[in-house]
Amino acid sequence: MKIGIVGFAGSGKTTLFNALTGQSAPTGYGGGKVNLGTIKVPDRRVDRLAQIDQPKKITYAEMVFADVPGGRGSNNLDPQTLGRIREMDALVQVVRGFHDGSTGPSPDEEIRSFEEELIISDMQVVEKRVERLAKDRTDPRQLALLERCLERLSEGLPLRGLQMSSDETHSLSGFAFVTQKPMMIVLNQPEHEASAQISQELSSLAVEKGLEVMSLSGAIEVEIGALDPEDQTEFLQDLGLEEPASVRFIETAFRLLDLITFLTHGADECRAWPIRRGTVALDAAGTIHSDLSRGFIRAEVIAFDDFDRLGSEAACRDEGKMRIEGKDYVVKDGEIFHVRFNV
């Protein structure tokens, strides 16, 4: 699963990428290179399990972030950039909240302009396919669906808001429409406004477009990441922050992919396993190992809050907080999972 950090040139995408990954990718237009970095998803539940079990190994869920160049123009997404955006599973648009030396910030305009370019890109793809299907009539169902898509795009609206069945969504997956991808907005603030609130205008625009929005200072997050853990607390307090904004950002980006985690624990390892929301127990077991899915008998499930309060599986069992679930059980976020199997 890959999340693209996107936006127009000069918005601070690479600075944010460096803050998240600890890399030192060159900022500015770096020849069009896509920077990739794998990031561990902070999870207090895993930390708590490790505190109880003292395991040999702790494993967090991971995500891949891609720093996608914005093109040479301030408001111009070239075909190469759009092609790279299509490869992403979800998007984070970084918008400029700082003065760049010549012009002041205009985040609302950036968001609208960026969306317009994405909509035009999808329209071009849809129009070509509709024209072909209208001639040969080989797939009337897809033709009707694409005509609905074209109508929405022609109204200046992204495809992510178009109501579709799961079958219809699947039938469009090969097109990799950029406006169909989950998306959030990050306002990149100047250092002296790292803890400033998002304006009402920007909040209203995000609500109008159905997008989540958050603010941070990429430059500050880079500084925080370079500090020793014991020095970070004091630095954050001086800024009026409780924790690095990057922690909240990573957690939000994880949800953007519609992922949840279930947990396993023991003396060897405490681990978070990412799965799609709606995954059933049989498939979750297969995430751990194919043998668990093949020989699945039952899953023993404990809500994390119950385990946290009672402190052990034995206590949870005695209190009636351990449940036995079958293969069709839909796994919930944060549940502790133990699979009984036989192969």
- Rg(Cα)/(2.2 N^0.38 Å) for segment 129-256, N = residue count: 1.52
- Please report Val301, Val6 as a ranked list, fewest other C-beta atoms within 10 angstrom at the top and most at the bottom. Val301, Val6
- How many times 2.2 N^0.38 Å is the alpha carbon radius of gyration of segment 278-341? 1.09
- With all distinct Cα pairs included, what does the Kirkwood hydrodynamic radius of the chain come out to in Å, to one decimal, could you say? 22.4
- Message: Using the Cα centre of the chain as the reference point, and only Cβ charges (+1 on K/R, -1 on D/E), how large is the resulting charge dipole? Debye, rounded to the nearest 20.
- Response: 1440
- Task: Place +1 on the Cβ of every Lys and Arg and -1 on the Cβ of every Asp and Glu in the chain, take the dipole about the Cα centre, and give the residue among Ala219, Pro140, Thr27 whose Cα lies farthest towards its positive end.
- Result: Pro140
- Want the number for Asp318 to Glu62: 0.36 nm per residue separation, take away the alpha-carbon distance, what's left? 88.8 nm
- Note on the structure: Here the relative contact order (percent) of the chain, from C-alpha pairs under 8 Å and at least 6 apart, is 19
- Item | Packing-based order for 8-15, 233-240, 267-274, 135-142, using average beta carbon neighbours within 10 Å, highest first | 8-15, 267-274, 233-240, 135-142
- Message: What is the distance in Å between the Cα centroid of segment 137-177 and that of segment 186-253?
- Response: 35
- Query: Which part of segment 78-116 falls in the paramagnetic zone of Ile198, meaning amide N under 20 Å from the point 7 Å along Cα-to-beta-carbon?
  - Reply: 90-99, 105-116
- Under a plain spin-label model, where a point goes 7 Å from the Cα along Cα-to-Cβ, how far apart in nm are His289 and Asp268? 0.6
- Query: Once a ≥ b ≥ c are taken as the square roots of the eigenvalues of the Cα gyration tensor of segment 1-137, is the result rounded (a/c under 1.5), prolate (a/b larger than b/c) or oblate (a/b not larger than b/c)?
  - Reply: oblate
- Query: Based on the mean of other beta carbon atoms within 10 Å per residue, what is the order of 327-334, 293-300, 244-251, most packed first?
  - Reply: 244-251, 293-300, 327-334
- Message: Using helices alone, I'd like the mean residue ellipticity at 222 nm for the chain: each DSSP H run of four-plus residues gives -39500 (n - 2.57), total over residue count, nearest 500.
- Response: -12500 deg cm²/dmol
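No value in this document is a laboratory result; all are computed from the given coordinates. This structure is a prediction, so every number in the text was calculated from the model and none was measured. Counting neighbours? That spans all protein chains shown, and the Cβs are built from the backbone with ideal geometry, glycine included.
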